[in-house]
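Take a look at the structure below.
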Amino acid sequence: QGELVESGGGLVQTGGSLRLSCVASKRIYSYNGMAWYRQAPGKQRELVARIGRYGTTTYADSVEDRFTISRDSTKNTVYLQMNSLKAEDTAVYYCNTYPTLPYWGQGTQVTVSS
């Protein structure tokens, strides 16, 4: 079991919703900030959303008002609720700290079909 384990991805139609989960080790979860990132084919990995220790959130412009990041400290888990999905949201989604640690989990694939 890795220190960052993402799940919840899948295939969904345009306009649909998915909820991603990331279970982090206690050591990693204790970092101040946690975040979701994504990498589409042929593109660099980008920051999607981040959440501070006390719940302050920041979103990329492309997902503002559609995605919601949250965290559950009783479960060392970070969530990403994704609504109104678009084809351009297709990517592998990863969680990590913010700033990032020098290693990553396996990610979870999100595919949005039009």
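Some observations on this one:
- In segment 61-105, the residues that are open to solvent by 50 Å² or more (accessible area, probe 1.4 Å) and closer than 18 Å to Leu18 by Cα: Ser62, Glu64, Asp65, Thr68, Gln81, Asn83, Ser84, Lys86, Glu88
- Checked against the criterion of being under 14 Å from the mean Cα position of the chain (by Cα) and surrounded by fewer than 21 Cβ atoms within 10 Å (Cβ to Cβ), segment 20-27 has at least one qualifying residue.
- Enumeration of residues in segment 46-55 that are of a type in the set (Lys, Arg) and not in a loop (DSSP other than H, G, I, E, B): Arg50
- Among the residues of this structure, Glu64 does not count as one that is in contact with a Lys or Arg (Cβ under 9 Å, 6 or more places away or on another chain) and of a type in the set (D, E, K, R).
- Ala49 vs. criteria in contact with a Cys (Cβ under 8 Å, 6 or more places away or on another chain), small (Gly, Ala, Ser), in contact (Cβ under 8 Å) with a residue 12 or more places away in the chain and surrounded by 15 or more Cβ atoms within 10 Å (Cβ to Cβ): no
- Residue count for segment 60-90, restricted to those that are within 18 Å of Met34 (Cβ to Cβ) and of a type outside the set (Lys, Arg): 16
- Hey, Ile51 at pLDDT below 95, over 14 Å from Met82 (Cα atoms), among the aliphatic types (A, V, I, L, M) and touching a Ser or Thr at 6+ places or on another chain (Cβ under 8 Å) or not: no
- Some residue of segment 46-66 being under 22 Å from Leu101 (Cα atoms) and in contact with a helix residue (DSSP H, G or I) (Cβ under 8 Å, 6 or more places away or on another chain): no
- Boolean, Leu80 is touching a Leu at 6+ places or on another chain (Cβ under 6 Å), modelled with pLDDT of 95 or more and closer than 17 Å to Glu6 by Cβ: yes
The values are calculated or read from the model by the stated rules, or taken from the named source; none is laboratory data. Just so you know, these numbers come straight off a predicted model, no measurement behind them. Neighbour counts are summed over all protein chains in view; Cβ atoms, including those assigned to glycine, are modelled from backbone coordinates with ideal geometry. Areas reflect the complete protein model, heavy atoms only, side chains present, ligands, DNA and RNA absent. Shrake-Rupley method; radii C 1.70, N 1.55, O 1.52, S 1.80 Å.
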